[in-house]
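Okay, structure first, notes after.
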Amino acid sequence: MPTATASPSHRRRRRTVLGSAACATLLLALLAGNELGLGASSASAAAPCDQQDPALQVSVPAGGDIQAALDKVADAGGGCVNLSVGTWTLTKSLQLRTGVALNGSGTGTVLRGPSTVYDHPLITLTGPEPRSDVMVENLKLDGRIPASALTTDPDADNPYSGALGIYFASFTQDDQDILVRNVEIENTAMGIHIKGAQGVTLDNDHLHENGIAYWLHNSYLRRVSDVLIKDCVIDGSLIGTGLHVAGTSSDITLQDNEFNGNAAHGVNIQDRPQNVILAHNTFNANDGDGIMASGDNLLIDGNTTLDNTAAGIHTTVGSGKVTGNTSHGNAGGDYNIHGSFSLSGNN
């Protein structure tokens with residue numbers, strides 16, 4: 001399995017929980033100069049497995065048929081599939097559906113890719129119809145892509161390019177309410193790729209050593225809204241960025257996360273989304289900018305960017321505030337600000 005190839009300053013520390021909040025409310029409060037609000041509900045409405053109807057729970061022992069359990073719960077109208085401790089090798093994608101929660105027993109529940117070349121996501125949610133209330137939590141995904149598969153040429157084909165960890169994609173009407181919580185993802189072509197969704201929460205996840213080609217990242221969100229990413233560690237992307245946000249997106253909050261040692265940027269927010277907050281995150285030793293961002297009503301508040309190869313904080317176009325950040329030792333400058341942004345209280 002590949003190991004981290006970026007800076008030895010990769011961190012695995014969990015930061016103190018700041019709490020979650022609705023993005024629009026937070027943004028208005030912060031742009032008005034008020035304190036960061038705490039304790040509001042997260043973006044996703046999905047309930048934990050222990051709150052599901054017990055009649056709609058299915059337990060799968062080690063080596064059991066996970067897909068059959070997922071289909072059984074979905075056909076019953078929704079519920080939870082609980083996986084025991086164990087290791088499953090997935091020769092094809094697990095297909096999730098509306099109202100289904102996939103719940104492991106912690107990092108002892110391992111869903112892994114085959115030991116030979118493969119081109120499918122480990123967990124997927126795709127199809128023509130919109131889906132809602134989908135959850136993945138308390139497990140580990142290991143793509144098992146070898147280090148020899150890394151592609152530095154942006155024009156080269158990679159036989160593992162479809163071997164993602166989680167791939168949720170809607171091309172018609174947006175999916176609704178997706179939660180990925182307490183999930184570790186490593187050694188995949190891209191850890192998490194979600195596009196066409198409203199109400200996305202990534203909570204306390206650890207993504208590392210994903211992103212095997214120029215256009216593949218640790219995580220990638222496209223055409224999303226009402227997004228909360230909190231208390232995650234997203235580090236050591238082998239070729240790409242820690243988090244890449246693109247497409248027509250809006251209302252995104254990144255809060256109390258770590259983006260360290262990624263081979264490109266820590267975070268790249270492009271295509272000028274509306275209402276974005278980056279608050280109290282760390283961006284250390286990435287091989288591009290710590291933060292590269294565009295947007296209207298963009299708030300970059302209370303972050304720490306240290307020792308990145310390009311700029312610490314780099315805004316391209318848009319408007320908003322850059323306040324109360326700490327940025328030092330970045331080779332491309334600590335603050336590279338373009339667009340209509342006010343700066344205050346930074347050091």
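The values are calculated or read from the model by the stated rules, or taken from the named source; none is laboratory data. Being a predicted model, the structure only gives us computed values, none of them experimental. Neighbour counts run over all protein chains shown; Cβ positions are idealised from the backbone, glycine included. Note: accessible area is taken over every heavy atom of the protein model, side chains too, but ligands, DNA and RNA are not part of it. Shrake-Rupley method; radii C 1.70, N 1.55, O 1.52, S 1.80 Å.
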Original post:
With segment 237-314 as the region, which strands (runs of 3 or more DSSP E) entirely inside it contain at least 1 residues that are open to solvent by 10 Å² or more (accessible area, probe 1.4 Å)?
Top reply: 243-246, 250-255, 267-269, 274-279, 282-284, 291-301, 304-306
Subject >> Single unsatisfied condition, T107 versus (1) open to solvent by less than 50 Å² (accessible area, probe 1.4 Å); (2) under 19 Å from A62 (Cα atoms); (3) in a loop (DSSP other than H, G, I, E, B); (4) touching a residue at least 40 places away in the same chain (Cβ under 8 Å) >> reply: (1)
Original post:
So, of the residues in segment 132-158 that are free of Cβ contacts under 8 Å to residues at least 60 places away in the same chain and among the acidic types (D, E), which turns out to be surrounded by the fewest Cβ atoms within 10 Å (Cβ to Cβ)?
Top reply: D155
Original post:
Within segment 139-190, restricting attention to residues that are part of a loop (DSSP other than H, G, I, E, B) and among the hydroxyl-bearing types (S, T, Y), which residue is nearest to the chain's Cα centre (by Cα)?
Top reply: T188
**OP:** Name every residue in segment 38-75 that is farther than 18 Å from L125 by Cα, at pLDDT 55 or above and aliphatic (A, V, I, L, M), in order of residue number.
**Re:** A55, L56, V58, V60, A62
Original post:
Of the residues that sit in segment 119-131 and are modelled with pLDDT of 95 or more and open to solvent by 10 Å² or more (accessible area, probe 1.4 Å), which one is nearest to the chain's Cα centre (by Cα)?
Top reply: P121
Original post:
Which of the residues that make up segment 91-104 are β-branched (V, I, T) and either free of Cβ contacts under 8 Å to residues at least 12 places away in the same chain or surrounded by 14 or more Cβ atoms within 10 Å (Cβ to Cβ) (or both)?
Top reply: T98, V100
**OP:** Quick one: count up the residues across segment 169-182 that are aliphatic (A, V, I, L, M) and either farther than 17 Å from Q95 by Cα or surrounded by fewer than 19 Cβ atoms within 10 Å (Cβ to Cβ) (or both).
**Re:** 1
